[in-house]
Ligand SMILES: [Mg+2]
């Protein structure tokens, strides 16, 4: 049995910038500033984005922590609105529907998520892109911990609870589009498969030694084979 943990942004889907739009609006409202244009959101958890951008603007952690709940509430409100009113459109990346169906249908695989999105944001984006959140039976989210390397242990423990047996970290296969996805599971022995549908090339991702790297997820059988042999 393997537990297949998909990242969301840049891996399963793109949301047309809805996430950044909503986050910047929330930051502007609470802090009066949005952080540098050059700051990259990919590979980060939602709350880490708030912390790192606002540290760069000179705010201390105490202030950031005090305003964090308000920022996240505004962010979710803005994300829901942007996706609902058509200001931004979420869509699945090539091959995603097929690989999600295949993993979901396989007796030896459990379909799951490992994402920096807070759980409500993950559900909004997946639903907007036509992926039913409840199909993903195991999840670890940015709302579980601010640091991505802490998330695989949440997924492992939830998979163990779901399956009624101890799932070792080696049984986790993390699929993502950034070096942060590739590296985050090392502490628990998880495997990683990289996909270059986000902001990094196959070459850049391979530099972090994933078990496999793909240009996209269109070759379902090859991706399934990589999952089973990672
Ligand atoms: Mg991503």
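Taking only the alpha-carbon atoms of segment 18-84, what semi-axes of the equivalent ellipsoid follow from 5 times the gyration tensor eigenvalues under a square root, in whole Å, largest first?
Its equivalent ellipsoid spans semi-axes of 18, 13, 10 Å.
Can you give the FRET efficiency for residue 105 and residue 150, using 1/(1 + (r/R0)^6), R0 = 30 Å, r = Cβ-Cβ distance, to the nearest 0.05?
Efficiency, rounded to the nearest 0.05: 0.45.
Run the quick spin-label model on residue 80 and residue 135: label points 7 Å from Cα toward the beta carbon, then report their separation in nm to one decimal.
Roughly 2.4 nm, to one decimal.
How many nm separate the modelled label positions at residue 165 and residue 228, each set 7 Å beyond the Cα in the direction of the Cβ?
Between residue 165 and residue 228, the simple spin-label model gives 1.8 nm.
If you bin every alpha carbon distance in the chain into 10 Å steps from zero, what whole percent lands in each bin?
8, 35, 36, 18, 3, 0
Nearest 5 is fine: what % of DSSP beta bridges in the chain come out antiparallel, could you say?
Roughly 10 percent of the beta bridges in the chain run antiparallel, per DSSP.
Could you work out how far apart the two model spin labels at residue 207 and residue 62 are, taking each label as a point 7 Å from the Cα in the direction of the beta carbon, and quote it in nm?
About 4.0 nm separates the two model spin labels.
Could you calculate the FRET efficiency of residue 91 with residue 220 from 1/(1 + (r/R0)^6), where r is the beta carbon distance between them and R0 is 22 Å, rounded to 0.05?
It comes to 0.75.
To the nearest Å, what is the center-to-center distance of segment 176-197 and segment 12-50, using C-alpha atoms only?
Centre-to-centre distance over Cα atoms comes out at 22 Å.
Based only on Cα atoms, what Rg/Rh ratio does segment 90-220 have, Rh being taken as Kirkwood's radius?
0.93
Each reported figure results from applying straightforward, stated rules to the coordinates on display, with no laboratory input. Not measured: the values here are computed from a predicted model. With ideal geometry, Cβ positions are generated from the backbone for all residues, glycine too; neighbour counts draw on all protein chains shown.
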